[in-house]
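Please treat every number below as a calculation from the coordinates, not as lab data. None of the values given here were measured: they were computed from a predicted structure. When we count neighbours, we look across all protein chains shown, and the Cβ atoms used for this are built from the backbone with ideal geometry, even at glycine.
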Amino acid sequence: MQEYSKEDHYVTLNIGEGNIPLTEKGQPVTNENSTYPIFFSSNLEDTYKGLTEKGVKVSDIQKDGLNTFFTFYDLDGKKLQVCFWE
């Protein structure tokens, strides 16, 4: 495992053949799970459309300067996220 990049609120690690972004939160823990998987998609819009068409609860697509991402929830209400960066 090696650090690929580091920004103010997240670190991306090289693990095997891929990159895994880890988000650091400085906010108090809420009832929402604070650790969650983040998936990378090379076509975020198609992924978003596919999930919404299947009735999955999703947030709006957001941009934080470097990443474009959205949050979605599994059937148990657990938070997951999909992101894209160049």
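Sorting Val58, Val82 from the fewest to the most surrounding beta carbons within 10 angstrom yields Val58, Val82. Note on Gln62 and Asp76: the extension gain reaches 2.7 nm, defined as 0.36 nm multiplied by sequence separation minus the Cα-Cα distance.
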